[in-house]
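Working notes for the structure below.
The values are calculated or read from the model by the stated rules, or taken from the named source; none is laboratory data. For clarity, every value in this text was computed on a predicted model and none was experimentally measured. Backbone-built Cβ (ideal geometry, glycine too); neighbour counts: all protein chains shown.
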Amino acid sequence: MDKQIDARGLNCPQPVILTKKALDEVREGKITTIVNSEIAKENVKKLAQSMMCDVDIHQVGGDYYIDIFKQKETQEIGGVNPSAHSGLIVFIGSDILGAGDRVLGQILMKGYLKTLLDVCPLPETMIFVNSGVNLTVQGSEALESLKKLEEAGVEILSCGTCLDYYNLKDKLAVGQVSNMYTIVEKLNNGENTIIL
Amino acid sequence: MPLTDFFVLAFDSTHHAIQAEKFLKEAGLKIEVLPTPRDITASCGLSIKFHMDHIEKVKEVIDVSQPTVKLYRGLRLERKTIYLEEEL
């Protein structure tokens, strides 16, 4: 069954939402969405591709006809299996990522931890040492990401000696306190260790 | 969760992004700096994410029509989020 959606003149994200609704309603078949702006065309195409559909676009005057072909039972990719036994250990020895400007380093570290959540496999354990413990304590801007990682099953360990040295012992806000024995064991037994 | 409730502002320049973060925070807006999602191309790699309720205030602080920034609307699908370029 073919369906046509005339989304000409509608503002973003309307054409995309209407197309998504139509795609959700059919199991299989062709849907044509008509839009009249380049950006709307690209947005609808992006949606269709992300829903694993084939897309064919032709232009008639100032209008774009976007034919979207939905296959029956499209296999969705993903189904990712997070952490647990990935064997991946991430060792973080500083509160900034890389050497160089501190402001940039903090932004990069925040970005790294945030992105870690979105990429598989998740680490099995993350170890925070030296100024790295600034990330696991109250007031850290990375706390939200680390809490989500912990919820996802990642073990978060902070070096007790370091927390103590920086007077942060009572400020730990995510994960557990650890000591050098555990840290050495984790590093020695890790199948893949990333040191930052 | 609604299908779409946030925007992402992608920057051409890292310094510009850092400066924008500062201005927006000073204006009291709740925003988040994040690496630009892979789905969005052509940028320095830093973006600012905010709830769509803040769009007017953000526009007061940042000129989103300048060619060095691009505004995207996040759309949550079942398994991923896609980013739709916003027409200005």
Residue satisfying condition, being among the aliphatic types (A, V, I, L, M) and touching an Asp or Glu at 6+ places or on another chain (Cβ under 6 Å), within set A:ILE39, A:ILE17: A:ILE39
Residue match in the stretch A:5-14 (condition: away from chain B (no Cβ under 12 Å) and either under 27 Å from A:ILE183 (Cα atoms) or at pLDDT below 90 (or both)): no
Qualifying residue in the stretch A:48-56 (condition: surrounded by 18 or more Cβ atoms within 10 Å (Cβ to Cβ), among the charged types (D, E, K, R) and at pLDDT 90 or above): no
Residue match in the stretch B:74-84 (condition: loosely packed, with under 15 Cβ neighbours inside 10 Å and not in a loop (DSSP other than H, G, I, E, B)): yes
The stretch A:2-17, residues that are in contact (Cβ under 8 Å) with a residue 12 or more places away in the chain and surrounded by fewer than 18 Cβ atoms within 10 Å (Cβ to Cβ): A:ASP2, A:LYS3, A:GLN4, A:ASP6, A:ARG8, A:GLY9, A:LEU10
Test for A:ASN188: is it among the polar types (S, T, N, Q) and either part of a helix (DSSP H, G or I) or within 30 Å of B:ARG79 (Cα to Cα) (or both): yes
Pairs with Cβ under 6 Å, 6+ apart, first in the stretch B:61-88 and away from chain A (no Cβ under 14 Å), second small (Gly, Ala, Ser) and not in a strand (DSSP E or B): B:VAL61/B:ALA27; B:ILE62/B:ALA20
Residues of the stretch A:18-41 that turn out to be surrounded by 16 or more Cβ atoms within 10 Å (Cβ to Cβ), within 22 Å of B:GLU87 (Cβ to Cβ) and charged (D, E, K, R), as a count: 2
Extreme residue, farthest from the other protein chains (Cβ to nearest Cβ), among residues of the stretch A:98-157 that are loosely packed, with under 15 Cβ neighbours inside 10 Å and in contact (Cβ under 8 Å) with a residue 60 or more places away in the chain: A:GLY153
Residue among A:SER83, A:SER37, A:SER94 that alone is of a type in the set (Ser, Thr, Tyr) and either modelled with pLDDT of 95 or more or in the same structural domain as A:VAL184 (by TED's automatic domain parsing) (or both): A:SER94
Residue count for the stretch B:9-26, restricted to those that are touching a residue at least 24 places away in the same chain (Cβ under 8 Å), within 18 Å of B:HIS51 (Cβ to Cβ) and within 13 Å of chain A (Cβ to nearest Cβ): 2
